[in-house]
């Protein structure tokens, strides 16, 4: 998403409605600023091309009672 104000206002309104949140009028500018910064960070992560030698992280299982959280078969 670009830095276009109307798009960010619309996005914030849709998210507020979908999540059932309340955002005070005095917080709106700060919320939109954070959305813009986080979108930039997410874009950087999404654009990163991992080398073929990278392996996916093991699956975390919070029910595991051992220190080994390696993928379960």
Worksheet item: If a residue has to be surrounded by 11 or more Cβ atoms within 10 Å (Cβ to Cβ) and without any contact (Cβ under 8 Å) to a residue 24 or more places away in the chain to count, how many in region 9-26 make the cut?
Response: 7
Item to complete: Output the residue which, of all residues in region 50-65 that are over 22 Å from the mean Cα position of the chain (by Cα) and at pLDDT below 80, is surrounded by the fewest Cβ atoms within 10 Å (Cβ to Cβ).
Response: 65
Worksheet item: With respect to residue 47, is the statement that it is modelled with pLDDT of 90 or more and either over 30 Å from residue 7 (Cα atoms) or surrounded by fewer than 10 Cβ atoms within 10 Å (Cβ to Cβ) (or both) true?
Response: yes
Practice prompt. Quick one: residue 68 ticks every box in (1) modelled with pLDDT of 85 or more; (2) loosely packed, with under 10 Cβ neighbours inside 10 Å except a single one, so which number is it?
Written response: (1)
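The values are calculated or read from the model by the stated rules, or taken from the named source; none is laboratory data. Please read these numbers as outputs of a predicted model, since none were measured by experiment. Positions of Cβ are generated from backbone atoms using ideal geometry, with glycine treated the same way; all protein chains shown enter the neighbour counts.
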